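Taking it in order: structure first as structure tokens, then the write-up.
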Amino acid sequence: MEKLRVGVVGVGGAGRAHISRLRRNRDVSEIVAFDVKPVGEIGVAVAASLDELLARVDAISVCTPDHEHFDGIVRGLEAGKHVLVEKPMVANHEEALRLKPHLDAHPQLVFGVHHQMRYSPAFAKARQLLTAGTLGKPFYLEANYWHDMRERSTRFDDWRMEHGQSLLFGHACHSFDLLMWLLGEAPVVHKTYLSKRGFPEYKAAYTSATTMLKFRGGICAKTHVNSFCIFPQVNNLVILADEASYIDGLLFKNGRFEQVSDFFGDGPKEIALNITDIRLPNWAVSLGFGLYLKAFNAVFTRLMKHPDFGFRQYPLTVYNHDRACQVIIDNFVGAALSREEILVGYEDATRVIKLCEETEADGLAELASSVV
């Protein structure tokens, strides 16, 4: 095949985003969508049934609610289609184990999982710095994922309100995958604390989750996710090591800050600030941030020695969600056309599912026994 016909199963927020990014890929000749609910005008063909969609495409992207992923994957494989599935891959570890025989039965088909966080320019740079030894030996990592889901939970569908989405499976899977990818292994110890403070109408058993993890060699890590953060969305990464530190694209070494990752990577040269909805071109963001860093290094680095000052979260974070997602979409299309290897597959996604399940069980047990 020279071009790929792709079906998008599930046309909520994720499905619409996949459609948008598939449109940018020149190797996609046709996009067909299907949802069990009416989707209105979405700019692509809409199939009347899943069977019709499967008959019209070469590959599918499964963007249904989390608990429906397993069935969607299996339907696609059995129909002889390459399959990309949104994170989390499936709803629990038992489903992950049951999925393996289906994948083994179709070795000619490509299977990918949409764990895009690795491919944010700032987070990909962190991996390069760790691998090159630029930071020295890391001893603490932090990857948080804060959301305000109160409006987003019902923007296109209400399954999160009716069924309840697990924050650890649906949100912390991002941070867990990122941390394990950066360190190259799963943690040896972890402890999770859950809370249901805020967003009481949310059907899930908890709306806030904090997990502490320990890896081999004494490396510690932390991640926090929530569904009702009264703050703009934050996806951050902190790495502290014995020779340097790295925070969201900024390297601090030898007493100076240096921007070592841009906001964009390859692709669209436009970004939205995380403090407002306006969008700015690449040159304006780069110029503004460069001037900011010059002032920061000249003045604020000295002020940091005073106990009343210190490093504060700056108004721009070097996390490009759109670019990272585009990397996964483009990779899947390329792999389905036998032009490249899939970036995130079954094994990595299963490792994430296992950790999600273990941390949730631990957190729910602690929550049940807590008097607070």
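Listed by position, the strands (runs of 3 or more DSSP E) enclosed by segment 84-202 that each have at least 2 residues that are among the aromatic types (Phe, Trp, Tyr) and assigned by TED's automatic domain parsing to the domain that holds residue 258 are 138-146.
Let's see how each residue does on (1) touching an Asp or Glu at 6+ places or on another chain (Cβ under 7 Å); (2) of a type in the set (Val, Ile, Thr); (3) more than 28 Å from residue 212 (Cβ to Cβ):
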position	(1), (2), (3)
323	no, no, yes
328	no, yes, yes
334	yes, no, yes
339	no, no, yes
342	no, yes, yes
346	no, no, no
355	no, no, no
366	no, no, no
369	no, no, no
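Filtered by the rule that a residue be surrounded by fewer than 21 Cβ atoms within 10 Å (Cβ to Cβ) and of a type in the set (A, V, I, L, M, F, W, C), segment 33-53 gives 36, 39, 42, 44, 45, 46, 47, 48, 50.
Reported count of residues in segment 22-54, each being part of a loop (DSSP other than H, G, I, E, B), touching a residue at least 60 places away in the same chain (Cβ under 8 Å) and touching a helix residue (DSSP H, G or I) at 6+ places or on another chain (Cβ under 9 Å), is 2. In this structure, residue 68 does not qualify as surrounded by 14 or more Cβ atoms within 10 Å (Cβ to Cβ) and part of a strand (DSSP E or B). Restricting to segment 119-146, name every residue that is modelled with pLDDT under 95 and not aliphatic (A, V, I, L, M). Correct list: 119, 120, 121, 123, 125, 144, 145, 146. Given the condition of a type in the set (D, E, K, R) and under 16 Å from residue 348 (Cα atoms), answer yes or no: does some residue in segment 69-81 qualify? Looking through segment 69-81, none of the residues is of a type in the set (D, E, K, R) and under 16 Å from residue 348 (Cα atoms). Considering (1) hydroxyl-bearing (Ser, Thr, Tyr); (2) surrounded by 21 or more Cβ atoms within 10 Å (Cβ to Cβ); (3) without any contact (Cβ under 8 Å) to a residue 60 or more places away in the chain, the lone condition that residue 131 does not fulfil carries the number (2). Mind checking whether some residue in segment 317-327 is surrounded by fewer than 15 Cβ atoms within 10 Å (Cβ to Cβ) and either at pLDDT 95 or above or of a type in the set (D, E, K, R) (or both)? Within segment 317-327, none of the residues are surrounded by fewer than 15 Cβ atoms within 10 Å (Cβ to Cβ) and either at pLDDT 95 or above or of a type in the set (D, E, K, R) (or both). Annotation: of all residues in segment 190-212 being among the small types (Gly, Ala, Ser) and on the phi < 0 side of the Ramachandran plot, the one that is modelled with the lowest pLDDT is 204. When you scan segment 237-265, how many residues do you find that are surrounded by 20 or more Cβ atoms within 10 Å (Cβ to Cβ), within 23 Å of the chain's Cα centre (by Cα) and over 19 Å from residue 288 (Cα atoms)? Residues flagged as surrounded by 20 or more Cβ atoms within 10 Å (Cβ to Cβ), within 23 Å of the chain's Cα centre (by Cα) and over 19 Å from residue 288 (Cα atoms) within segment 237-265 amount to 3. If the condition is being hydrophobic (A, V, I, L, M, F, W, C) and farther than 20 Å from residue 17 by Cβ, then segment 68-89 contributes 70, 74, 77, 79.
The values are calculated or read from the model by the stated rules, or taken from the named source; none is laboratory data. All values reported here derive from a predicted model rather than from experimental measurement. Every residue, glycine as well, gets a Cβ built from its backbone with ideal geometry; the counts of neighbours run over all protein chains shown.
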